[in-house]
Amino acid sequence: MAGRALWRITHSAALLLVSVLVSYVVASAALSPRAHFENRTPRPPASAVDHQLASLGLDDGTPVLLRFGHWSWRALHGDLGRTIDGEPVNAEFGRRVGVSVRLLLAGTVVGTGLGVLAGVWAAVRRGRLPDRVLTVFSFLVLSVPTFVLALLLKDGALSFNNSVGHTVIRYTGETTPGRRGAWPSGLADRASHLVLPAATVALGAIASYSRYQRAATLDVLAADHLRTAQAKGLTPGRALLRHGLRVSLVPMTTFFSFGFLALFTGSVFAEQIFCWPGVGSWFLAAAQEGDVNSVVAVCLFSAVTVLLAGLLADALLLVLDPRVRR
C-alpha cells in the first residue's frame with residue numbers, strides 16, 4: 001500500500017511538472033508582455049522595455065526553456081516571480097486564492113452531493129415523473145454554456161430584487177461594501193453573496209453527475225444479488241441502500257476526478273460575472289495584459305487542485321472498493 005501511494009504521488013508530481021511546463025511555453029508563445037510596455041503613451045525607449053522585461057524574467061531574447069528553468073527554480077523556493085506591474089505574484093496569489101477555494105469548495109460539495117443523490121433517486125424511480133423531470137433538467141443545464149447560465153441567474157436575481165423593491169438576493173461581490181458588525185452577521189453576509197456563484201458551479205455538476213450516477217445505479221439494480229435481495233422482500237430502494245449503493249459509487253469516483261477541471265472552469269466564469277476577486281478573474285485580466293508569470297501561477301493552482309481531486313478520488317476508491325486495497 002505504501003509503495004502504491006508513493007508511486008501515485010510521484011506520478012502526480014511528474015504530471016504537475018509537465019502541466020506547468022506546457023502552461024509556461026503556451027503562455028510565453030501566446031502572450032506579448034513587450035506589447036504591454038510598448039503600447040504605453042508616451043512610448044518608452046526600446047532599451048527601457050528590454051530592461052523591464054529582463055527584470056521580470058520575461059526577456060523574449062532568452063530561450064523559453066531557459067526562462068522556464070529560472071522561473072521553476074525560483075518557484076521551488078516559494079517565489080512565483082513578478083507581475084507585469086512589478087508586484088510580487090505571491091502577494092496577489094495570496095489575496096485571491098482563498099476566495100476561489102471557498103467558491104470552488106461550496107460549488108463542488110453541493111453539486112457533487114446533490115448530483116449523486118439525484119442520480120440514485122432517478123434510477124430507483126426509472127421511467128416515472130421524477131426521473132423524467134430530472135432528465136429534462138439535466139439536458140437543459142448541460143445545453144447552456146456556464147457563462148450564459150451565470151448571466152441568467154444574475155439577471156433573474158436582479159429582476160426579483162426589482163419586483164420586491166429591495167435587495168433580497170446578492171448578485172455581485174464577495175461581501176457588502178462598507179458592512180460593519182459582529183462576525184455572525186459577517187458570515188451571513190458572505191454566505192448570501194456565495195449563493196449565486198456557487199449555484200453556477202453546482203448546477204453543472206448536478207446535471208452531469210446525476211446522469212452518470214443514474215446509469216451506474218441502474219447497472220447495479222440489474223445485478224443478481226440485488227434481484228435476489230428484492231425477491232426476499234426488500235424494496236428496490238432498501239436493497240440498493242444495503243447491498244448496492246457502495247458498488248454504484250465506485251465508477252463515480254473516477255468520473256469526479258476527470259470532471260473536476262470543468263468545475264474549475266465554471267468557477268472562473270462565475271468569478272468574472274459575479275465580480276469575485278479570485279484567481280479566475282485574475283487569470284482573465286492577466287491574459288489581457290500579457291502577464292505571463294501571473295497566468296502561469298493560476299495554471300499552477302489549477303493543476304494542483306485537479307491533481308488533489310484525483311488523489312481524493314483514489315482515497316474514496318480505496319474506501320469503497322476492498323479489491324483495490326489488496
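Subtract the Cα-Cα distance of Leu218 and Val133 from 0.36 nm times their separation in residues, and report this length gain in nm to one decimal. Could you put the intermediate results ahead of the total?
Values: separation 85, 0.36 × 85 = 30.60 nm, distance 1.73 nm.
28.9 nm is the gain from fully extending Leu218 to Val133.
Would you kindly derive the ³J(HN,Hα) couplings of region 37-51 from the backbone phi angles with the Karplus curve 6.51 cos²θ - 1.76 cosθ + 1.60 (θ = phi - 60°), listing them in order in whole Hz, with x for Gly and Pro?
For region 37-51, the Karplus curve yields 7, 5, 7, 6, 10, x, 5, x, x, 4, 5, 5, 5, 4, 5 Hz.
How high is the FRET efficiency between Leu21 and Leu76 when r is their beta carbon distance and R₀ equals 22 Å, given to the nearest 0.05?
On the way: r = 14 Å, r/R0 = 0.62.
It comes out at approximately 0.95.
Starting from the Cα of Glu87, step 7 Å along the direction of its Cβ; do the same at Val148; then give the gap between the two resulting points in nm.
The two pseudo-label positions are separated by 3.5 nm.
Between Cys275 and residues 5 or more places away or on another chain, which pairs have amide H atoms under 5 Å apart, with H built 1.01 Å from N, and which residues are they?
Distant-sequence amide H within range of Cys275: Gly173.
Would you mind checking region 176-195 for residues with the amide N under 12 Å from a putative spin-label position 7 Å along Cα→C-beta of Cys275?
Under 12 Å, as judged by backbone N against the label point of Cys275, lie 176-178 of region 176-195.
Taking a probe of 1.4 Å, how large is the accessible area per residue of the chain, in Å²? It would help to have the intermediate numbers written out before the result.
Values: 17770 Å² over 326 residues.
Per-residue value: 55 Å².
May I ask for the Rg/Rh ratio of region 193-272, computed from Cα atoms with Rh as the Kirkwood radius, given to two decimals? Numbers along the way, then the final one.
Working: Rg = 16.7 Å, Rh = 14.4 Å.
Taking Rg over the Kirkwood Rh, I get 1.16.
Between Leu234 and Arg95, what is the spin-label point distance in nm, taking each point 7 Å from the Cα along the Cα→C-beta axis?
For Leu234 paired with Arg95, the spin-label model returns 5.6 nm.
Over region 188-271, what relative contact order in percent results from Cα pairs under 8 Å that are six or more residues apart?
On the way: 46 pairs, mean separation 37.3, N = 84.
Once normalised by length, the contact order is 44 percent.
Report, in whole Å, the centroid distance computed from the Cα atoms of region 1-39 and region 96-148.
Cα centres, region 1-39 to region 96-148: 30 Å.
Under the Karplus relation 6.51 cos²θ - 1.76 cosθ + 1.60, θ = phi - 60°, what is the ordered set of whole-Hz ³J(HN,Hα) values for region 224-234, x standing for Gly and Pro?
4, 5, 6, 5, 5, 4, 5, 5, 7, x, 6
Using the Karplus equation 6.51 cos²θ - 1.76 cosθ + 1.60 (θ = phi - 60°), what ³J(HN,Hα) coupling, rounded to whole Hz, does each residue of region 66-80 give in order, writing x for Gly and Pro?
So the Karplus estimates, Gly and Pro as x, are 5, 5, 5, x, 5, 5, 5, 5, 5, 5, 4, 9, x, 10, 8 Hz.
Using only alpha carbon pairs under 8 Å that are at least six residues apart, calculate the relative contact order of the chain and give it in whole percent. Don't jump to the answer; show the numbers that get you there.
Values: 367 pairs, mean separation 85.4, N = 326.
Normalised by residue count, the contact order of the chain is 26 percent.
Could you order the peptides 68-77, 159-168, 198-207 from most to least packed, using the average number of other C-beta atoms within 10 Å per residue? Working shown, then result.
Working: 68-77: 13.5, 159-168: 10.3, 198-207: 24.6.
Per-residue mean Cβ counts within 10 Å order the peptides as 198-207, 68-77, 159-168.
Using just the helices of the chain, give the 222 nm mean residue ellipticity in deg cm²/dmol: DSSP H runs with n ≥ 4 each add -39,500 (n - 2.57), and the total is spread over all residues, rounded to 500. Intermediate results must be reported in sequence, preceding the final value.
Values: 13 runs with 251 residues, N = 326.
Computed ellipticity for the chain at 222 nm equals -26500 deg cm²/dmol.
I want to check the label-to-label distance for Trp183 and Arg227. Put each point 7 Å from Cα in the C-beta direction and report it in nm to one decimal.
5.8 nm
Just to be sure I understand: with springs between alpha-carbon atoms less than 10 Å apart, which residue in Arg126, Arg82, Arg170 has the highest mean-square fluctuation in the Gaussian network model of the chain?
Comparing Arg126, Arg82, Arg170 in the GNM, the peak value goes to Arg126.
So for each of 92-100, 231-239 I average, over its residues, the number of other beta carbons within 10 Å; can you give me the resulting order with the highest mean first?
Details: 92-100: 17.7, 231-239: 13.3.
Highest-to-lowest ranking by the protection proxy: 92-100, 231-239.
Quick one: length gained pulling Asp155 to His11 fully straight, 0.36 nm per residue minus the C-alpha distance? Provide the component values of the computation, followed by the final result.
Working: separation 144, 0.36 × 144 = 51.84 nm, distance 4.42 nm.
Length gained, Asp155 through His11: 47.4 nm.
By its C-alpha gyration tensor, with a ≥ b ≥ c as the square roots of the eigenvalues, how is region 274-326 shaped: rounded for a/c under 1.5, else prolate for a/b larger than b/c, else oblate? Walk me through the intermediate numbers first.
Working: a/c = 7.09, a/b = 3.04, b/c = 2.33.
Since a/c reaches 1.5 and a/b is larger than b/c, the shape of region 274-326 is classed as prolate.
Normalising by the residue count of region 77-220, find the relative contact order in percent from Cα pairs under 8 Å and 6+ residues apart. Don't skip to the end; give the middle numbers.
Working: 134 pairs, mean separation 58.3, N = 144.
Rounded, it is 40 percent for region 77-220.
Expressed as a whole number of Å, what is the distance separating the alpha-carbon centroids of region 169-217 and region 224-298?
Computed from Cα coordinates, the inter-centre distance equals 15 Å.
If amide hydrogens are placed 1.01 Å from N in the peptide plane, which non-local residues have theirs closer than 5 Å to the one on Arg82?
Under 5 Å from the amide H of Arg82 lie the amide H atoms of Val89, each far enough along the sequence or on another chain.
The values are calculated or read from the model by the stated rules, or taken from the named source; none is laboratory data. Worth saying up front: this structure is predicted, and the values here are computed from it rather than measured. Glycine gets a Cβ as well: all are built from the backbone with ideal geometry, and neighbour counts include every protein chain shown. Keep in mind that these areas ignore ligands, DNA and RNA; they rest on the heavy atoms of the full protein, side chains included. Shrake-Rupley method; radii C 1.70, N 1.55, O 1.52, S 1.80 Å.
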